[in-house]
Amino acid sequence: MLDVRRLRVLVAVADHGTFSAAADALHLTQPAVSHHVARLEAETGLALVQRSAHALSFTPAGTLLVERGRELLDRIAAVDAELGELRDRAAGEVRLAAFPTAFADLVPRALAALAADRPGVRVVARRTSSRAAGEALTARTADVAVAFGDAVASTPDVAWTTLLDDPMLAILPARHRLAGRDAIALRELADEPWVIGTATGPDAFIRRACVAAGFEPRAVRREDDLLVIQGIVAAGSAVTLLPTLGLAHRRPDVAVVPLRDGPRRAVSAGVRTAGAGAGARALVAALAGVAGALAAG
C-alpha cells in the first residue's frame, strides 16, 4: 500500500523542481526527502525520478504517480474538511491556545467578532506559553494556536497566518529621566532595577534582549500580571519591557517609550491544514481581521 506521506513528498518535488526546494517547503532535510522518494520507488517497484547533474525529471511511472497523488491528496483534504464541518456542527466547539498577552486585547476582540459572525461556535480558550500553544496544535489538543518565535513552524500538517508585528516597548515611571524621549536604546536601562516575569511569563524573552544589548537585567520583582507590572513601574520601583499587545489597558502614570534596538515578536495564528473545521478557520479569520485593525491603529 502506498504511503500518503511519501506521496506528499513526491508531489512537493514535482511542484518545487528539486529535492532541496521540496525539503525547504516541507521543513524536512534533503536526505529525508531522498529517503521518502527511494522508499516510494521500492514500494512501487518502479523508478520514479531521473536525476542528472543539471536537471531532475520524472519517469512515466513518476509522472503518473504525481498526477494521481495530487488527486488523492486533494480528496483526503476534502474529506478532512468535511469531517471538520461535522465536528463543528456536532460539538460547536473550537479549542484555542494562545500566549498570555494575546488575551489582553487581540483574543477578546476576535472572540467577539466570531460570536457575531458564528453564534453557534463556542471557543474554549486557554492561556499558555507560545511554545506550548504551538505544541498543542501539533498534538491536536488545540484547534487554533496564537504564537510567535520558534513556536511558529509551518509543516505539511500546520499552516500559520501572520497576524502582526509586536514590538517590545520600554515601560518607565512617569517621572523617569528617560520618560520624555522619543526613543531610547535598551542599553540605557542597564543600571535600572527591573520587574520581569516568572518562568511562565516573558522572563526569557526580556533577558535575551538585555543580554544581546550587553547587560544582565537586575530583577527586583517577578510578576506576570500586566496591570500589576505597570503598578510596580508606576510606583518607581522598577522598569520593564512590555509588548504592544500587552498595553491595551495602559496606566496613565507610566511612560511608554519606543526602543531603537528592541526585540519584536511576529505573532501568527496556526491551524491544521487537514481536518480544520469551519469554526477553527473562522476564528483564524477573526484573529486576522482584529490584528489588521490593531496594526492600523
Condition met for Asp166 (farther than 10 Å from Gly270 by Cα and in a loop (DSSP other than H, G, I, E, B))
no
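Only helices (runs of 4 or more DSSP H) wholly contained in the range 179-297 count here; list those with 2 or more residues that are over 28 Å from the mean Cα position of the chain (by Cα). Reasoning before the result, please.
Working: elements: 203-212, 226-234, 278-296.
Hits in the range 179-297: 226-234.
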Among the residues of the range 170-177, is there at least one that is touching a Gly at 6+ places or on another chain (Cβ under 9 Å), of a type outside the set (S, T, N, Q), farther than 30 Å from Ala22 by Cα and without any contact (Cβ under 8 Å) to a residue 12 or more places away in the chain?
no
Lone unmet requirement of (1) open to solvent by 60 Å² or more (accessible area, probe 1.4 Å); (2) farther than 19 Å from Ala278 by Cα; (3) within 32 Å of the chain's Cα centre (by Cα) for Val79
(2)
Answer yes if at least one residue in the range 89-107 is over 18 Å from the mean Cα position of the chain (by Cα), at pLDDT 90 or above and surrounded by 15 or more Cβ atoms within 10 Å (Cβ to Cβ), and no otherwise.
no
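Just to verify a result, which residue in the range 116-146, among those that are in a helix (DSSP H, G or I) and among the acidic types (Asp, Glu), is nearest to Thr161 (Cα to Cα)? So that I can check it myself, show each step before the final result.
As a first pass, look at the range 116-146 and keep what is in a helix (DSSP H, G or I): 116-117, 130-138.
Narrowing further to those that are among the acidic types (Asp, Glu): 117, 135.
Working: Asp117: 20, Glu135: 16 Å.
Of everything passing the filter in the range 116-146, Glu135 is nearest to Thr161 (Cα to Cα).
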Open to solvent by 40 Å² or more (accessible area, probe 1.4 Å), touching a helix residue (DSSP H, G or I) at 6+ places or on another chain (Cβ under 6 Å) and closer than 19 Å to Arg181 by Cα: is that true of Arg251 in this structure?
yes
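Would you mind stating whether Ala145 is surrounded by 16 or more Cβ atoms within 10 Å (Cβ to Cβ), among the hydrophobic types (A, V, I, L, M, F, W, C) and within 13 Å of the chain's Cα centre (by Cα)? Quick ask: steps written out before the conclusion?
Values: surrounded by 16 or more Cβ atoms within 10 Å (Cβ to Cβ): yes; among the hydrophobic types (A, V, I, L, M, F, W, C): yes; within 13 Å of the chain's Cα centre (by Cα): yes.
Yes.
The values are calculated or read from the model by the stated rules, or taken from the named source; none is laboratory data. Keep in mind that what you see is a predicted model, and the values were worked out from it rather than measured. Cβ coordinates were reconstructed from backbone atoms using ideal geometry, including for glycine residues, and neighbour counts include every protein chain displayed. Please note that ligands, DNA and RNA were not included when accessible areas were found on the heavy atoms of the full protein model with its side chains. Shrake-Rupley method; radii C 1.70, N 1.55, O 1.52, S 1.80 Å.
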